[in-house]
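Laboratory data are not the source of any read-out in this text; all were calculated from the coordinates shown. The structure presented is a predicted model; accordingly, all values stated were derived computationally and were not measured. Methodologically, a virtual Cβ is constructed for each residue, glycine included, from the backbone with ideal geometry; neighbour enumeration extends over all protein chains shown.
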Amino acid sequence: MTEQGNSTPLALDRADARVKHEAGLSGAVHTFLNRVRSGDLGSLPVIVGLVVIWTVFTSLNPVFVSSSNLVNLLFDCSTVGVIALGIVCVLMVGEIDLSVGSISGFASALVGTLWVNQGWPVALAILAALVFGALIGSLYALLFNRLGMPSFVSTLAGLLAVLGMQLYILGSTGSINLPYGSALVDFGQLMVMPKWVSYTLAVIPGLAMLITGFRSVARRRAANLSTPSVAGLVLRVATITIGLELIVAYLNQSRGIPWMFGLFVGLVVAMNYALTRTKWGRSMTAVGGNREAARRAGIKVRAIYLSAFALCSLFAALGGVLAAARLASASQQAGTGDVNLNAIAAAVIGGTSLFGGRGSAYSALLGIIVIQSIASGLTLLDLSSSLRYMITGAVLAIAVIVDSLARRSRASHGRA
Amino acid sequence: MSESPQMSASVGELVLSLRGISKNFGAVSALTDIDFDVHAGEVVALVGDNGAGKSTLVKILAGVHQPSSGTINFRGRPVTLPDPRAALTLGIATVFQDLALCENLDVVANIFLGNELSPLRLDEVAMEMRAWTLLNELSARIPSVREAVASLSGGQRQTVAIARSLLLEPKLILLDEPTAALGVAQTAEVLNLIDRVRARGLGVVMISHNMEDVRAVADRIVVLRLGRNNGVFEPDASNQDLVSAITGASNNAVSRRVERLRMERDQSAQAGEPRP
């Protein structure tokens, strides 16, 4: 461990001479390429997939990339995207919730009934729907923790039971129209950010990255740890900020960024922080990776499962409320059909593993954009929903194949 | 067979002292009247056949099982260990045979799992620094603490597991079969590690089936047989003595071989040939 001829003392984590360490900007690029080569793809496949899908649909119908269509796309993304965010939570701990579609449908029916038929204040009706969602998830967690009921079965039962409740409270009429002009419906259909707000918001991610990046560099240097390349950080921040501003500028040519999409992205960012930077998130990942190890480390495994299931149903209920706002109605069809599978597929396509312990909140965002792009593109081509189902299914299959190939490559390169 | 429990010169204060520990699972007595001492700065090897009660004893010390009778004295005070948390907070750390690491998390996350610094805004820098300090104290050979544990070799994982057990600054560390699944080089690495843990002044209890490893690091060898104390040995005790204490039979492959060699020697001596 003696280092001679080195004027600067070696960083604490660079003392092992056997490990190659990349430094500087070229090093950062090199590390990234190495990571991809060894199968640690991150969100690269979904971004490549998105580029392919967009190229194909644009060549078939140029309207696809028009800013007005993209704004509509963002409106549509937000509802199922919020549900997919909940799915990420349960997938992180290696469980599944098949009833998110039913829960979202019931939540929209509950809001419709309480608000329109019973005359409750709209905020109270929404709150009731969210509380109901969290309760359903807590029930699944109770069945799982206390009775050892597999989540696959309990949520499958929940799918039917909650769907039944939805049909029951909607009664014989089968559909409740939400009043146009109300704040909720406007939020789901019309409200977009003023231009200056969207431009300002687009700067924030880069700014936050820059501040946390510089603070971390300073702290690591003070702690005698190696520091990441500052040039790489600045380059990343510049790329992200310019990219976001260009996207915002393009979308502002038409209506602009929907507030509903802003809410969705805000939730994604919050969940990402919670999953990566808090003890709770670390515990979620640990429980998904090795439940017994987590238990022996003193983590309250049952509480973690409870939080995952409750959050998932809560997000499902919120997604249902947003869907009701988007459609201005609460009907028997709400939450049925492909909502369930689109939400699960979005999380998986975005890169969250079905086997637990691996994933990120951003996978919900990326995945739902892929799925909605396919839906929107096929609608523009005037193709039937039969084709849409087949193509979405094929994309899901490809995503899972890419995931398992990448996992095999990671295993042979000695990465988890 | 020497039976005195205090035969080795005690290295430090008495960390752990068990008197008359028994454990029954229904009608089965897994442990009967066990006495067991560990001093600071001492490696005690716990050996015995399958079903001798080694793991039961370790589980009692880890707070997983509770003894049916007997007393546990830890650093001079009588204690009870109702659950694993209690053992940890007292200062008894356990490295289980299956290590219990999360392969999808990196080394830092594994070392701090359940004890993260600043729960609402994880202090990655402080945690990484502490992890390196721990690993360097053990002269551990870990290339990067930001790699997932899945990419580490068996010996490196054992190192991470031991480093994790040292995080809460325990007084006593229990190792259940630390070398069972390791190759030659990795075994040597882990044995070195045990040496260094002893040098830090901790009491170490090590379960092992491998007499070579036991002899290499242990200061005392405690033999259990069918849930009872069956002798305490110096590390230079003969293999024959150890094996017969473990199996309880004076007639086994090792003793027969010793007997055969002695017979041959006697015969050649009787034949009057000069011994080389």
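General remarks:
- Descending Cα extents along the principal axes, segment A:178-243, whole Å: 62, 22, 14
- Measuring max minus min along each principal axis, the C-alpha atoms of the protein assembly as shown give extents of 113, 67, 48 Å (largest first).
- Set against the 2.2 N^0.38 Å expectation for a compact globular protein, segment B:14-70 has a Cα radius of gyration ratio of 1.12.
- 19 Å reach of a label modelled at B:E13, 7 Å along Cα-to-Cβ, counting backbone N of segment B:175-211: B:198-205
- Using the alpha carbons alone, the radius of gyration of segment B:113-239 stands to its Kirkwood radius in an Rg to Rh ratio of 1.03.
- Base-10 log of normalised Debye intensity for segment A:106-226 (one unit scatterer per alpha-carbon) at q = 0.10 Å⁻¹: -0.62
- Here r is the Cβ-Cβ distance between A:S385 and A:Q189 and R0 is 30 Å; the resulting FRET efficiency, rounded to 0.05, is 0.85.
- Computed log₁₀ I(q)/I(0) - Debye formula, equal Cα scatterers, no solvent, segment B:110-167, q 0.17, 0.20, 0.23 Å⁻¹: -0.52, -0.72, -0.93
- Scanning chain A for long hydrophobic helices, with DSSP H runs required to stretch 30 angstrom or more by C-alpha along their axis and to average at least 0.5 on the Kyte-Doolittle scale, returns A:67-92, A:122-147, A:195-222, A:230-252, A:301-327, A:385-412.
- Over the C-alpha atoms of segment B:167-276, the Rg to Rh ratio, Rh being the Kirkwood estimate, stands at 1.12.
- Taking a sphere under 9 Å around the Cβ of B:V145 and counting the other residues whose Cβ falls inside, with K and R at +1 and D and E at -1, yields a net charge of -3.
- Cross-link table B:K59/B:K171; B:K23/B:K54; A:K300/B:K171, entries beyond 20 Å C-alpha to C-alpha: A:K300/B:K171
- The calculated Kirkwood hydrodynamic radius for segment A:331-407 is 13.1 Å, given to one decimal from all distinct C-alpha pairs.
- Residue (of A:V185, A:L156, A:I240) at the positive-pole extreme of segment A:143-252, dipole from beta-carbon charges: A:I240
- Diffusion constant of chain B at 25 °C, which comes from Stokes-Einstein with the Kirkwood Cα-pair radius and 0.890 mPa s, µm²/s: 121 µm²/s
- Principal-axis tilt of helix B:154-166 within chain B, Cα atoms, nearest 10 degrees: 70 degrees
- D (Stokes-Einstein, µm²/s), Kirkwood Cα radius, segment A:190-307, 1.002 mPa s at 20 °C: 124 µm²/s
- Dipole check for the protein assembly as shown: with +1 at the C-beta of Lys and Arg, -1 at the C-beta of Asp and Glu, and the Cα centre as origin, the magnitude is about 620 Debye.
- Antiparallel bridge percentage (DSSP; both residues within the protein assembly as shown; nearest 5): 60 percent
- If the convex hull is drawn through the Cα atoms of segment B:221-270, its volume per residue in Å³: 70 Å³
- Shielding of peptide B:112-123 by partners, expressed as the average count of other chain Cβ atoms within 10 Å per residue Cβ, is 5.
- Alpha-carbon centroid distance for the pair segment A:350-394 / segment B:197-255, whole angstrom: 61 Å
- HN-Hα J in Hz across segment B:52-60 - Karplus 6.51, -1.76, 1.60, θ = phi - 60°, x for Gly and Pro: 6, x, 4, 5, 4, 4, 5, 5, 5
- Shape of segment A:18-150, Cα gyration tensor, a/c cut at 1.5: oblate
- 37 °C / 0.692 mPa s Stokes-Einstein diffusion coefficient of segment A:154-194, Kirkwood radius on C-alpha pairs, µm²/s: 256 µm²/s
- Relative compactness, segment B:1-128, computed as alpha-carbon Rg over 2.2 N^0.38 Å: 1.27
- Here the mean projected area of the convex hull built on the C-alpha positions of segment B:72-138 is 6.5 nm².
- Hydrodynamic radius of segment A:45-85 per Kirkwood, over alpha carbon pairs, in Å: 11.2 Å
- Förster-model FRET efficiency, 60 Å R0, A:T55 and B:A86, C-beta, rounded to 0.05: 0.45
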